[in-house]
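*Asks:* Just passing along the structure, written as C-alpha cells.
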Amino acid sequence: MDDRIERLESLIALQDRTMEKLSDQLFDQQKQIDDLTRLVERLARKVRAMDEEMEHAGPVDVPPPHYNG
C-alpha cells in the first residue's frame, strides 16, 4: 500500500512540474505573440502611410533603368 501511495505522489509531483513548465512556455509564447502583433500593427501603419503618400504624389512617368530609348 505504501508503495502505491509513493508512486502516486511521484506521479503527482511529475505532473505538477510538467504543468508548471507548460504554463511558463504558454506565458513566453503569449509574450512573443503580443510582441509580433505590435510589430505587425506598426508595419501595417507604415504601409498605409506609404500608400497614402503614393496616392497624393500622383503618377510618376519615369522609364525603367534598363530602357535605353
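No lab work stands behind these numbers, since they all come straight from the coordinates. Being a predicted model, the structure only gives us computed values, none of them experimental. Counting neighbours? That spans all protein chains shown, and the Cβs are built from the backbone with ideal geometry, glycine included.
*Asks:* Hey, what angle do you get for helix 2-57 against the long axis of the chain, alpha-carbon based, 0 to 90 degrees rounded to 10?
*Replies:* 10 degrees
*Asks:* Please compute the modelled spin-label separation between Ser23 and Val60, points set 7 Å along Cα→Cβ, answer in nm with one decimal.
*Replies:* 5.5 nm
*Asks:* Which entry in (1) 2.63; (2) 1.39; (3) 2.13 matches Cα Rg over 2.2 N^0.38 Å derived from the coordinates of this structure?
*Replies:* Answer by label: (1).
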